Amino acid sequence: MSVAVTSFVVFAASQIGTPGPANMALMGTGARFGFRAALPFVAGVALGKQFVIWPVGFGLMELSARAPWVFEVLKYVSAAYIIWLAWKVANLRLGQGRDLGKPPGFVAGLIVHPLNPKAWAMIIGGFTAFVGPGTPPLNATLTIAAILLALQVILHPLWTLAGDRIARTLAGSPAEPYLMWTLAALTVASVLFVLFASRAV
């Protein structure tokens, strides 16, 4: 057995590319301090997810062999959290929660994902839904870690680069609620994909 790479890439892109604590921080940092000043923070955020992936991968792969039902429970708990987060995103407004000050650096970025429940939920969902039973933990974890890092290298800078333009253009405008509801709907769609479509892989 192995990792359903294509399906996982679709799922991971929908998660990394939609709003959450990390992307909101990246967008806000880009909006306040500019793309270049935010790059150390972006690098830290991207690498910080590895601190979650590897312990989860080895721990859950071992646990799945001994207690498969725990895997199933974790999948639905993670999905429920992401749906709840989507509701929060739908009601989020780009102009909220902005602070002025010194740009956050690399170390500040490293701790974003380890403290981000969405990251934990997404990673657990990835392992439970897209890794076949009996897959060696090293193979599964390395594959998922590489895919997530590659997507972050692409998508996180885009959030940062677009932050200033998105915030200045849409904050407080009539179009802003529609944007946030659309992004929330994409997040929910990705959860449904995990729960149902991934069963066919």
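The values are calculated or read from the model by the stated rules, or taken from the named source; none is laboratory data. All of these numbers come straight from a predicted model, not from anything done at the bench. We place every Cβ from the backbone using ideal geometry, glycine too, and count neighbours over all the protein chains shown. Note: areas computed on protein heavy atoms with side chains; ligands, DNA, RNA excluded. Shrake-Rupley method; radii C 1.70, N 1.55, O 1.52, S 1.80 Å.
Structural remarks
- Just so you know, in the range 190-201 the residues that are open to solvent by 50 Å² or more (accessible area, probe 1.4 Å) and either under 17 Å from the mean Cα position of the chain (by Cα) or within 24 Å of THR29 (Cβ to Cβ) (or both) include one that is modelled with the highest pLDDT, and it is LEU192.
- Of the helices (runs of 4 or more DSSP H) contained entirely in the range 17-104, those carrying at least 3 residues that are modelled with pLDDT of 80 or more and under 15 Å from the mean Cα position of the chain (by Cα) fall at 21-33, 35-48, 50-66.
- When THR141 is tested against (1) surrounded by fewer than 19 Cβ atoms within 10 Å (Cβ to Cβ); (2) hydroxyl-bearing (Ser, Thr, Tyr); (3) within 20 Å of the chain's Cα centre (by Cα), just one condition goes unmet, and that condition is (1).
- Among residues of the range 5-30, those that are touching a residue at least 60 places away in the same chain (Cβ under 8 Å) and open to solvent by 20 Å² or more (accessible area, probe 1.4 Å), counted: 10
- Boolean, ILE111 is within 17 Å of the chain's Cα centre (by Cα), among the hydrophobic types (A, V, I, L, M, F, W, C), open to solvent by 20 Å² or more (accessible area, probe 1.4 Å) and modelled with pLDDT of 80 or more: yes
- Among the criteria (1) touching a Gly at 6+ places or on another chain (Cβ under 9 Å); (2) modelled with pLDDT under 85; (3) surrounded by 16 or more Cβ atoms within 10 Å (Cβ to Cβ), the one MET180 does not fulfil is (1).
- When SER173 is tested against (1) open to solvent by 10 Å² or more (accessible area, probe 1.4 Å); (2) part of a helix (DSSP H, G or I); (3) more than 20 Å from GLU72 (Cβ to Cβ), exactly one condition is not met: (2).
- Count - residues of the range 31-57 that are surrounded by fewer than 17 Cβ atoms within 10 Å (Cβ to Cβ), within 28 Å of LEU192 (Cβ to Cβ) and touching a Pro at 6+ places or on another chain (Cβ under 9 Å): 0
- Of the candidates LEU151, LEU161, the single residue that is under 19 Å from GLY17 (Cα atoms), in a helix (DSSP H, G or I), touching a residue at least 60 places away in the same chain (Cβ under 8 Å) and under 14 Å from the mean Cα position of the chain (by Cα) is LEU151.
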